[in-house]
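Taken together, the values in this text are just the output of simple stated rules run on the coordinates, not laboratory data. Every value quoted in this text rests on a predicted model; they were computed, and no experiment measured them. Note: ideal-geometry Cβ built from the backbone for every residue, glycine included; neighbour counts use all protein chains shown.
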Amino acid sequence: MQKDQLQKIAEELFQARTRAQPVTQYSDRYDQFSRSDAYTIQETGINLRLGCDERIVGMKMGLTSEAKRKQMNLEAPLYGVLTDKMEVKEGEEFQMAGKIHPKIEPEVAFHFTSDLKGTVTREEVLEACDGVYAALEILDSRYEHFKYFSMEDVISDNSSSAFFILGDKISDFKEIDLANLKMEMKANGDVVQSGNSNAISGDPVVSVIQLCELLAERDQFLEAGSIVLAGAATPAVNLESGMDIELTVEKLGTINFKVGGAVRSGHDRF
Ligand code: 0L1
Ligand code: MG
């Protein structure tokens, strides 16, 4: 794809997000749309956000569970970028107004104090990490009907990343088996999803290893200071105004938050 086409798509997706007006999928409109083009669009879109006073705070891995890949009919893990404006603090009310069709999913997250570059081992990931969290990711695709035709569509759209919420930082995690934690998400007191952290790439640490490999393919690395959302253990659930969401991850704790406001009318929910 030409450089100006990549820039145009990044700008359209940026506006789709800020105006809460979804766009149609690009892989249907452009013949030559490579994975590398898609990550370049993602980076261009993040640069647009940095120009609006946002700051990169970390990365997300997505499509790390078979259930999620099936739900979205996509074939491989991908990554996106997190900025400071995407963080919703626990206890804050999340507003549906200005969002398109948000969904929520239960995750595990890490915080790193050293760089991680290229092929890294499980031990190196744990050595670089100073804390683990129960986490929630709020996805909000900028595409109509929350539908894609390809991985390239999703990657260009920062892998549907919209917001995230972290629980308490658990610094004493070395004795915890991160690959076998029960996870349960409730909405208004009812269990809406339950799973195990082993659904996240078999082990959330493996998801970080995969992220480092994907970054290395673009001559990039995971920087010290980053938060990483390792991926969801279950399919995502549509968010509705008035919901009280609660996530409990065994040994990592519980997160609660409330959903307020109204979603823009006229958008289809997936
Ligand atoms: O797993 C995820 O974080 C989602 C990545 C993109 C696919 C989707 O929009 O659900
Ligand atoms: Mg996710």
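General remarks:
- Whole-number D in µm² s⁻¹ for the chain, Kirkwood Cα-pair radius fed into Stokes-Einstein, 10 °C, 1.306 mPa s: 86 µm²/s
- Lys/Arg +1, Asp/Glu -1 at C-beta; the chain dipole; positive extreme among 121, 195, 25: 25
- For the range 79-119, the list of trypsin sites (Lys or Arg not before Pro) that fall in a loop by DSSP and count at most 12 other C-beta atoms within 10 angstrom reads 89.
- Only one residue of 146, 261, 237 has its Cα farthest out toward the positive end of the dipole of the range 138-270, where Lys and Arg carry +1 and Asp and Glu -1 on Cβ, and that residue is 261.
- Qualifying lysines (Cα of each under 24 Å from Cα of residue 186; at least 8 residues distant if same chain): 60, 68, 70, 89, 99, 103, 169, 251, 258
- The simple spin-label model puts a point 7 Å past each Cα toward its Cβ; for residue 188 and residue 18 those points are separated by 3.6 nm.
- Distant-in-sequence amide H partners of residue 81 (H built 1.01 Å from N, under 5 Å): 60
- Between residue 53 and residue 69, residue separation times 0.36 nm minus the direct Cα-Cα distance comes to 2.4 nm.
- Rounded to whole numbers, the Karplus 3J(HN,Hα) couplings from phi for the range 201-207 are 6, x, 5, x, 5, 5, 4 Hz, using 6.51 cos²θ - 1.76 cosθ + 1.60 with θ = phi - 60°, and x at Gly and Pro.
- The ranking of 12, 217 by Cβ neighbour count inside 10 Å, starting from the fewest, reads 217, 12.
- Think of it as helices only: each DSSP H run of n ≥ 4 in the chain is worth -39500 (n - 2.57), and spread over all residues that comes to -7500 deg cm²/dmol at 222 nm.
- Under 11 Å from the residue 76 label point (7 Å along Cα→beta-carbon), backbone N, the range 150-193: 151-152
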